[in-house]
Amino acid sequence: MKLTTLLLGLLMLIINNIEIQSQKDDAKIEKRVKELLSKMTLEEKVGQMTQVTIQAVSKKQGTKNQHHELDDAKLEEAILKYHVGSILNVYDVAHEAEYWHEVITKIQDIAQKTRLKIPVIYGIDAIHGATYTKGATLFPQSLAIASTWNKDIARNIGEITSIETRASGIPWNFYPVLDLGRQPLWPRLWETFGEDVFLASQLGTEYIKGAQGDDISKPDKLATCLKHYVGYSFPINGLDRTPAWISERMLREYFLPTFEAGILAGSPTIMVNSAEVDGIPGHANYHLLTEILRDELKFNGLVVSDWEDVKRLYTRDRIASSPKEAVRIAVMAGIDMSMVPYDFSFYDLLLELVKEGKVPMKRIDEAVSRILRVKFQLGLFENPYPDKELIKNIATKEHTNANLNAAQESIILAKNEDDFLPLKRDKKVFVTGPTANMLSPLNGGWTITWQGNEESLYPQEKNTILEAIKSKVGEANVKYMEGCSFDADINSNEAYMEAVNSDVIVLCLGEPAYCETPGNIYDLTLPKAQIDYATKLLNSGKPVVLVLVEGRPRVITEIAKEVKSILIAFLPGMEGGNAIADLLYGDANPSGKLPITYPKSPNGITLYDYKPLESFDSNKYDPLFPFGHGLSYTKFSYNNLKLSSDKIKMNDKLIVSVDVENVGKLKGKEVVQLYLTDLYGSVSRPNKQLKGFEKIELNPGERKTVTFTIDKSHLSFIGIDNKRIVEPGEFIITVGELKKHFFVE
């Protein structure tokens, strides 16, 4: 007991010392920011607020046939004349890490020629690994990470992405996406952590902690960027960059908490919603950018615009009557840095606005202080240059193994009639469909190129689903024919004849790679060509295993009942082919769970945390597969659900425990999910809400007691006056099929 007390005392002393040191470091940075700011001219300050794309300072774009080339004269003009503080992006293809070092070094060399030697901060969309570095470890996309329900995996991906991005010489990552994925048509759904506030907040927090650690100046850490603040992911028509109609209460209940979690996790930068909420474009929304983000959420970091969106207040949104007015509106709303991105118009116009007194110097100093602070925090003033030694940390064997594990845990076994899977290795298998022999559909957008659809640029040493199956059971046991493309018949009649001669059909359907607006669709139903092809193969009488590779839940109800098994892979990354083969043949046990509701019909998009009205009379929650669903090759039983009390005060903590046992024959992982139901409230309360989850691994016959703590934060909601409150009353805890009631006084 004395030893335990001593250790706890030492631990508290260490934590206190770390906090004290952190406060001292913050104070030093604030002093340096003020000193540097006092030396800067207006032109230098406005330059820091200007961000341009690498295209604006390039001679040649990068394509599969042409290597990228910087334009030295344009680069010098940007940094020496316009004092540009940030550059971003690629043009238009991933670079070798060595070439990234050349680019960053050249940029920083020129920055060192400036009067105050302020380094340029380079930003990139490294959203599932170092996506624009050739040969980097490319992980499952966010929706697939969410499908793992594994916080350790989210943190590990953050760590490795940070290592490889920083090894490329880039210190700023425009990720994680903390928009909530509650509109399944939206083409950026796969960039989110799903439809649930709690799940997305937990996984986003872990990713940030992994990427940033406790010091972003370390050579293997970087600055994250929360995007896209806020409401971008809920367009009423499902199309990218179109209006969302979200009440203040709904915004605070569903869409702000994930960003609040990211701020509390320490992310120092935020990117703004490219669309609009309730008629006000994100880049003009003073209420959201200043009154809520700064005054309520206490965010003191850098706010950067999205691509060309300050200009678009004039050219697209028409809330500004001129480009100059657009700049004034955006800066006064709370934009600190403008992703212009192709020219220096923002610089020229903002200079004029300050000289005319239409933007006060106080606002400029505020914005520039935030930019400088991030640069100091990253240690760029001490060393802005890439470290060649770090290149050896890219795509290590350890990173590849972590990637494979993440992919395996991300894939969801949604159906397994008569325990048809795993397959026996002596079966003659016919592999077919548009996603069977391509790497791009496994990865999706932001992969090597923006759209991720340039198949020829993908690493040939990585396995497609077909190649992984062949390596698993041998080419003699595998036949392949494409059958159909994503939207047209190719050779379905010939494929049918191959299918008839097989023992089992592995049918790989889904979506091609896409990103942002080019991924817009008007119907969630899987394209007719794929449904027709599936129907033809089902008529062969041979058992069909359906593998869905997709970025959103494409409707498959017409064929779902007829297939024997269904695997859902929400863009599992570069090891996705191997992971799918591992699951098909039992070399890995499925443990993924749906982070979204999988609908039966295009308009059947009632979400899992539906309101009472949505289950009244003929209304009901009736998806093809519910949120949280996912099967295993073993079985788990839940027993002995206990609450520490059946009556608590509002400020008390409730301890919940449950026994989980593996009653099957294989080792497996189970996600223990805790849901809370608030039976009565002054605002209608959801049917249930996820408030706890833990992924555990159990051997056959092994039992584990899983414990959760419920406190005031879990019981709270946004009340009638748009403030977070807790009301007394009756609540229900649900874990598995077990339920317990308790009361809050």
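Remarks
- In terms of its Cα atoms, the stretch 39-393 spans 52, 49, 39 Å along the principal axes, sorted from long to short.
- Charge dipole magnitude, Cβ of K and R +1, D and E -1 - the stretch 635-678, Cα centre, debye nearest 20: 180
- For S345, the solvent-accessible surface with a 1.4 Å probe is about 40 Å², rounded to the nearest 10.
- Here the extension length gained between T734 and D278 equals 160.6 nm, from 0.36 nm per residue of separation less the Cα-Cα distance.
- Subtracting the Cα-Cα distance of T315 and D646 from 0.36 nm times their residue separation leaves 113.3 nm of extension gain.
- With Rh defined as the Kirkwood radius, the inverse of the mean 1/r over Cα pairs, the Rg/Rh of the stretch 148-251 is 1.03.
- Percent of Cα pairs exceeding the 13 Å cut-off, where the set is the stretch 36-91: 61
- Square roots of five times the Cα gyration tensor eigenvalues for the stretch 448-601, Å: 22, 20, 17
- Distance between the pseudo-spin-label points of L80 and V683 (7 Å out from Cα toward the beta carbon): 5.6 nm.
- Qualifying GluC sites (Glu not before Pro) in the stretch 346-405, DSSP loop, other Cβ atoms within 10 Å at most 11: E356, E382
- Where chymotrypsin sites (Phe, Trp or Tyr not before Pro) fall in DSSP loop in the stretch 645-698, at most 15 other Cβ within 10 Å: Y680
- Across all directions, the average projected area of the convex hull around the alpha carbons of the stretch 597-713 is 9.1 nm².
- Distance (nanometres) between label positions extended 7 Å along Cα→Cβ at D426 and K59: 6.5
- What the Cβ-Cβ distance of E389 and E461 gives, at R0 = 30 Å and to the nearest 0.05, is a FRET efficiency of 0.75.
- Farthest positive-ward along the stretch 636-744 dipole, Cα basis, beta-carbon charges - from G701, V658, G736: G701
- Electrostatic tally near I153: other residues with Cβ closer than 12 Å to its Cβ, Lys and Arg +1, Asp and Glu -1, net 0.
- Plainly put, the stretch 648-741 has a radius of gyration that is 1.07 times its Kirkwood radius, both from alpha-carbon atoms, as the Rg/Rh ratio.
- Mean projected area of the Cα convex hull of the chain, taken over all directions, amounts to 33.5 nm².
- Among the chymotrypsin sites (Phe, Trp or Tyr not before Pro) in the stretch 566-625, those located in a DSSP loop and surrounded by at most 12 other Cβ atoms within 10 Å of their own Cβ are F616.
- Solvent-accessible surface of the chain, taken per residue with a 1.4 Å probe and all protein chains present: 39 Å².
- Average Cα contact separation per residue, the stretch 39-393, under 8 Å, 6 or more apart, as relative contact order %: 18
- Extension gain for E614-E102 works out to 178.6 nm (0.36 nm per residue, less the C-alpha to C-alpha distance).
- With every protein chain in place, the chain: carbon and sulfur % of accessible area (1.4 Å): 51
- Mean Cα-pair separation over length for the stretch 416-491, i.e. relative contact order, pairs under 8 Å, 6 or more apart, %: 38
- Relative contact order of the chain, defined on C-alpha pairs under 8 angstrom at six or more residues apart (%): 13
- Set K649/K688; K39/K311; K479/K593; K209/K695; K227/K311 screened for pairs whose C-alpha atoms are more than 27 Å apart: K39/K311; K479/K593
- Virtual spin-label span in nm between R115 and E745, 7 Å along Cα→Cβ: 6.9
- Residue among P459, A56, V272 farthest towards the positive dipole end of the chain, charges placed on Cβ: V272
The values are calculated or read from the model by the stated rules, or taken from the named source; none is laboratory data. On a predicted model such as this, the values are computed, not experimentally measured, just so you know. Backbone-built Cβ (ideal geometry, glycine too); neighbour counts: all protein chains shown. SASA here: full protein model, heavy atoms, side chains in, ligands and nucleic acids out. Shrake-Rupley method; radii C 1.70, N 1.55, O 1.52, S 1.80 Å.
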